[in-house]
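Visitor: Structure incoming, see below.
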Amino acid sequence: MRGEEALFRAVKEARAEGHPIPGGRDWGVGLEEAYRIQEALFPGPLKGYKLGLVSEAKQRQMGLAAPIYGRVHPGMILEEVRLGSFIQPRLEPELAVVLKEDLAPGAAPGEAMRAIGGFYLAVDVLDSIWEGYRFTAEEVVADNTSGGGFLLGLRRLAAPPEGHLRLYLNGRLATEGPVAALGDPVGHLLWLANQVGGLKAFQVVFLGSPAPAVPAEAGVLEVWSEAGVLVAPLWEV
């Protein structure tokens, strides 16, 4: 079976059963249909959005010319992470933006800059129904861009930190990448506002990660930057 209904059913059933399924199929759908599936399976109200494939290199690997986005619900902002509630959790260090003003479609760069209330260290707790995270662009978009949950730091930053984001698991450096690889956050916000019909004050936008994702494990997670640190426990169940 191919088509929008088939992909919808596959994602819905895999999420309900909590088991990964093989990806990399041609479902006969494009990104427009994949986003319709995403919206149907992960409706509002929304706390914000997450960006994926923000670098041109990652976009080329997936045959795209722009980032992708997923929907963030209030319950996805976590105070603690229990790995047993995810299918195949992986971790990425990220930056997030919290907006202080609405941002309309077609806004100017200056309006986007004024809408930014602050930057925060964050962690994307990825989760995917696709075995081994092997998927097409349409598959990952339909599955809410591997959206599992998020940790959001408490310290507001006036600007993105310089240098690298480094994620440690139980004292071991697990992954890192340069903040500069995230590109221009203002440009990303303008693109996203155009895609989703505008952003609202107090929404949070996770800007993607400059580092490869790594499998999660129980223990202590730390994200270090030149502007501070985020620390959180990871529980097995």
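Visitor: On the given criteria, is ALA65 aliphatic (A, V, I, L, M), outside any loop (DSSP other than H, G, I, E, B), out of contact with any Pro (no Cβ under 8 Å at 6 or more places or on another chain) and free of Cβ contacts under 8 Å to residues at least 40 places away in the same chain?
Guide: Criteria not met by ALA65.
Visitor: Conditions first: (1) surrounded by 13 or more Cβ atoms within 10 Å (Cβ to Cβ); (2) of a type in the set (S, T, N, Q); (3) at pLDDT below 95. GLN38 passes all but one, so which condition is the exception?
Guide: Answer for GLN38: the failing condition is (3).
Visitor: Only one of (1) modelled with pLDDT under 95; (2) closer than 23 Å to GLU5 by Cα; (3) under 14 Å from the mean Cα position of the chain (by Cα); (4) not charged (D, E, K, R) is not met by VAL54, so which one is it?
Guide: (2)
Visitor: Just to be sure, is ALA201 assigned to a loop (DSSP other than H, G, I, E, B), surrounded by fewer than 17 Cβ atoms within 10 Å (Cβ to Cβ) and in contact with a Leu (Cβ under 8 Å, 6 or more places away or on another chain)?
Guide: Values: assigned to a loop (DSSP other than H, G, I, E, B): yes; surrounded by fewer than 17 Cβ atoms within 10 Å (Cβ to Cβ): yes; in contact with a Leu (Cβ under 8 Å, 6 or more places away or on another chain): yes.
So ALA201 passes the test.
Visitor: Still on this structure, please answer the following. Among the residues of region 127-175, write down those that are of a type outside the set (Asp, Glu), out of contact with any Asp or Glu (no Cβ under 7 Å at 6 or more places or on another chain) and in a helix (DSSP H, G or I).
Guide: Hits for region 127-175 are GLY132, TYR133, ALA137, VAL140, VAL141, ALA142, ASN144, THR145.
Visitor: Give all pairs with beta carbons closer than 7 Å in which a residue from region 49-60 that is assigned to a helix (DSSP H, G or I) meets a residue that is modelled with pLDDT of 90 or more and exposed (fewer than 15 other Cβ atoms within 10 Å of the Cβ); count only pairs at least 6 apart in sequence or on separate chains.
Guide: GLN59/ALA65; GLN59/ALA66
The values are calculated or read from the model by the stated rules, or taken from the named source; none is laboratory data. As the structure is a computational prediction, the values presented were derived from the model and not from experiment. Quick reminder, even Gly has a Cβ in these numbers, built from the backbone with ideal geometry, and neighbours come from all protein chains shown.
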